[in-house]
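Participant: Have a look at this one.
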Amino acid sequence: MRLAILFLIPLLAAAQAPKKKSAAAGDDRSGYTDTPLIPGQTWKVHDAARPRPPKVMPGRPVVSIPPPADADVLFDGKDLSKWQLRSRKGETAPANWKVQDGYVEVVSPEGGRWNMVTKAGYGDCQLHIEWLVPKEDVGQGQAGGNSGVELMGRYEVQVMESFENLTYADGQAASLYGQWPPTVNASTPKGEWNAYDIFFTAPRFEGDKLVKPAYVTVVHNGVLVQNHREMTGPVAHRRAIPYVAHPAEEPLSLQDHGHPVRYRNIWIRRLKDGQ
Ligand code: MG
């Protein structure tokens, strides 16, 4: 009898337990409980349990800030002459992506093979860039309008449809991918422009040794979402990787993740010693 009761208790408990909520549409939180801890944090890379930041509706429409006099205008809506394509293997090709109505659409026919990178290198900088995920895009999770602003080709501020589309916290829009979620989610709805104002201090190396990490500040649609965040190294998927010494100036890269993300009004100001 006692055995029978012991056997029945878990069954009764299971019957009374609230049913586990099914994941919301586009909720890509799977598979990331086996990743390493992010250095200096208590969360794992792409931690499925990490809370998503609260939403803050930005003022709309988002203001498009024209370039100041000392900015290097990287894209004025028409001209891609300051860019080229670069494959993951390092091959280069002319930047021949679709330009129309003042924007460029960053997606290669091969889907995810070619990033669009500046011909010039940049170190410490202030960057203004606007981006939009088209209404027609139906991707979900990490396939929901995934692109990225890769400072020095390594330190990514994530671009993603994050107004409705759900994914792990350190992989949504304005996250420092795999390291820091934004403090709040200031995304606009799909089909509307977003703006990033990014302030970047490049890492410093002496020979092969890191002497100062990279720092990133991000204002998303007028809302501060990353304030002088220390990057733990280059971004990576499901991994935490250490810094590897690189030149003081490296091209800015816009990620081709195979999704049709649009960019416009891209300008950059070189900073000296982060100022
Ligand atoms: Mg990305």
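Participant: State whether the residues of region 144-158 include one that is free of Cβ contacts under 8 Å to residues at least 60 places away in the same chain and part of a loop (DSSP other than H, G, I, E, B).
Facilitator: Residues of region 144-158 free of Cβ contacts under 8 Å to residues at least 60 places away in the same chain: 158.
Restricting the remaining residues to those that are part of a loop (DSSP other than H, G, I, E, B) gives none.
No: zero hits.
Participant: Let me ask another. Give the number of residues within region 98-112 that are of a type in the set (A, V, I, L, M, F, W, C), open to solvent by 20 Å² or more (accessible area, probe 1.4 Å) and within 19 Å of GLU150 (Cα to Cα). Spell out the reasoning first.
Facilitator: As a first pass, look at region 98-112 and keep what is of a type in the set (A, V, I, L, M, F, W, C): 99, 104, 106-107.
So of that shortlist, the ones also open to solvent by 20 Å² or more (accessible area, probe 1.4 Å) come out as 99, 107.
Subsequent filtering for residues that are within 19 Å of GLU150 (Cα to Cα) retains 107.
Total meeting the criteria: 1.
Participant: Okay, moving on. Please enumerate the residues belonging to region 244-266 that are touching a Phe, Trp or Tyr at 6+ places or on another chain (Cβ under 8 Å), surrounded by 19 or more Cβ atoms within 10 Å (Cβ to Cβ) and at negative phi.
Facilitator: The first filter runs over region 244-266 and keeps only residues touching a Phe, Trp or Tyr at 6+ places or on another chain (Cβ under 8 Å), leaving 245-246, 249-252, 254, 256, 261-266.
Still in the running and surrounded by 19 or more Cβ atoms within 10 Å (Cβ to Cβ): 250-252, 254, 256, 261-266.
Of everything in region 244-266, those that are touching a Phe, Trp or Tyr at 6+ places or on another chain (Cβ under 8 Å), surrounded by 19 or more Cβ atoms within 10 Å (Cβ to Cβ) and at negative phi turn out to be GLU250, PRO251, LEU252, LEU254, ASP256, VAL261, ARG262, TYR263, ARG264, ILE266.
Yes/no per residue for (1) open to solvent by 10 Å² or more (accessible area, probe 1.4 Å); (2) within 16 Å of the ligand (Cβ to nearest atom); (3) at pLDDT below 95:
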{"site": "TRP114", "(1), (2), (3)": "yes, yes, yes"}
{"site": "VAL117", "(1), (2), (3)": "no, yes, no"}
{"site": "HIS128", "(1), (2), (3)": "no, no, no"}
{"site": "VAL133", "(1), (2), (3)": "no, yes, no"}
{"site": "ASP137", "(1), (2), (3)": "yes, yes, yes"}
{"site": "GLN140", "(1), (2), (3)": "yes, yes, yes"}
{"site": "ALA143", "(1), (2), (3)": "yes, yes, yes"}
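Participant: Of everything in region 197-237, what is within 14 Å of the chain's Cα centre (by Cα) and assigned to a loop (DSSP other than H, G, I, E, B)? Give them in sequence order.
Facilitator: MET231, PRO234, VAL235, ALA236, HIS237, listed by residue number.
Participant: Here is a further query. Would you check which residues across region 166-194 are more than 13 Å from the ligand (Cβ to nearest atom), part of a loop (DSSP other than H, G, I, E, B) and either modelled with pLDDT under 95 or more than 20 Å from LYS44 (Cβ to Cβ) (or both) and list them?
Facilitator: If the condition is that a residue be more than 13 Å from the ligand (Cβ to nearest atom), part of a loop (DSSP other than H, G, I, E, B) and either modelled with pLDDT under 95 or more than 20 Å from LYS44 (Cβ to Cβ) (or both), then LEU166, VAL184, ALA186, SER187, THR188, PRO189, LYS190, GLY191, GLU192, TRP193 are the ones that fit.
Participant: Is it fair to say VAL211 is touching a residue at least 24 places away in the same chain (Cβ under 8 Å) and among the β-branched types (Val, Ile, Thr)? Even if it seems obvious, please write down each step before you answer.
Facilitator: Values: touching a residue at least 24 places away in the same chain (Cβ under 8 Å): no; among the β-branched types (Val, Ile, Thr): yes.
It is false that VAL211 is touching a residue at least 24 places away in the same chain (Cβ under 8 Å) and among the β-branched types (Val, Ile, Thr).
Participant: Which pairs turn up if I take residues in region 63-74 that are surrounded by 12 or more Cβ atoms within 10 Å (Cβ to Cβ) and in a loop (DSSP other than H, G, I, E, B) and look for partners that are of a type in the set (A, V, I, L, M, F, W, C) and modelled with pLDDT of 95 or more with beta carbon separation below 6 Å, at least 6 apart in sequence or on another chain?
Facilitator: PRO67/VAL73; PRO67/TRP267; ALA71/TRP267
The values are calculated or read from the model by the stated rules, or taken from the named source; none is laboratory data. Just so it is clear, the structure is predicted and the values come from calculations on it, not from any experiment. No Cβ is skipped: glycine too gets one built from the backbone with ideal geometry, and neighbour counts run over all protein chains shown. Keep in mind that these areas ignore ligands, DNA and RNA; they rest on the heavy atoms of the full protein, side chains included. Shrake-Rupley method; radii C 1.70, N 1.55, O 1.52, S 1.80 Å.
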